[in-house]
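Q: Handing you a structure now.
FYI, it's all coordinate maths here, none of it is from the lab. The structure presented is a predicted model; accordingly, all values stated were derived computationally and were not measured. Cβ sites come from the backbone with ideal geometry, for glycine too, and all protein chains shown count toward neighbours.
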Amino acid sequence: MRLRPVFAVFGTALLVAGCAHTVAGSAVSNPAQGITPLRADDTDQVLISPGQLRDIVGSKLQTDADQARPIPGTSAVPACSALDAAGMAAFLGDKWLGFHVLLFTDGDKHDHVVAEAVAVYPDAAAAAAQFTAGTKNAKACDGQRALSTGGDAAWKFTVPEISADTVRWSKQQLGIPFDWTCYAEARLRNNAIVQAMACQGDDGGQVTVTTMTDRMSASVWELSGR
């Protein structure tokens, strides 16, 4: 039964909680290009609808958590605190103007857990500064093993890519008789940071999060008038 990994991933703070977060182009707004900053209430236009997620994941999903503030919590390994889940306060800070995080599961099947988050900041410079702050310890998290926040599930973190506007990572649950891996991505786009995480029993979550962040990035640029 996969119920335990579902709640281990997003724990008590989402309940809402976190465990122990290309469309090509410039991540920083350039007035000469006519890029308009997103507004605080644009978050829902960036997030992917449950129906669209069903098509991406290949399974019907239900909303299990819906929150308008980042998820608090600190990992047992502090360097991994920002990467516990999509929407972590340790990654997204408190300088945002608008924020929304959603958690989806496939109900009693316990085969898929998907989360998405978007934070909108006053301007592109503020978003870039927060992305830098949120990812500054990501390299130190690579290869770490940590207990989840507010739980007893153990995870191994892998962080294969960190750049000025993109970070990709995964976390594999340890000590269980089957594979349960969460893949995640965060991208800096204009004055927003978008994130996605997908957990399942194989590597399919990697394709899911890339598809999600591609679509979320495209929505950001469309709203920006680019």
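Q: What does the convex hull of the Cα atoms come to per residue for the range 106-197, in Å³?
A: Details: hull volume 10.6 nm³, N = 92.
About 115 Å³ per residue, rounded to a whole number.
Q: How about Lys139: which lysines have a C-alpha closer than 27 Å to its C-alpha, ignoring those fewer than 8 places off in the same chain?
A: Cross-link targets: Lys95, Lys156, Lys171.
Q: If you average the alpha carbon positions of the range 120-192 and of the range 39-101, how far apart do those two centres end up, in angstrom?
A: After rounding, the separation between the Cα centres reads 12 Å.
Q: Something else now. For the range 41-166, what's the radius of gyration and Dmax over Cα atoms, in angstrom?
A: According to the Cα coordinates of the range 41-166, Rg and Dmax are 15.2, 43 Å.
Q: Let me ask something additional. What order, most packed first, do the peptides 95-106, 178-189 have when packing is the mean number of other Cβ atoms within 10 Å of each residue? Kindly include the intermediate steps, with their values, before the conclusion.
A: Values: 95-106: 22.0, 178-189: 23.6.
For the peptides 95-106, 178-189, the packing ranking is 178-189, 95-106.
Q: Could I ask something else about it? Which whole-number percent gives the relative contact order of the range 143-185, counting Cα pairs below 8 Å spaced six or more residues apart? Before the final figure, lay out each step's value.
A: Numbers: 71 pairs, mean separation 12.4, N = 43.
RCO, the range 143-185: 29 percent.
Q: So, one more: Ranked highest first by average number of other Cβ atoms within 10 Å, how do 69-77, 192-200 line up? Write down the numbers at each step before the final one.
A: On the way: 69-77: 20.2, 192-200: 28.7.
Peptide ranking by packing, descending: 192-200, 69-77.
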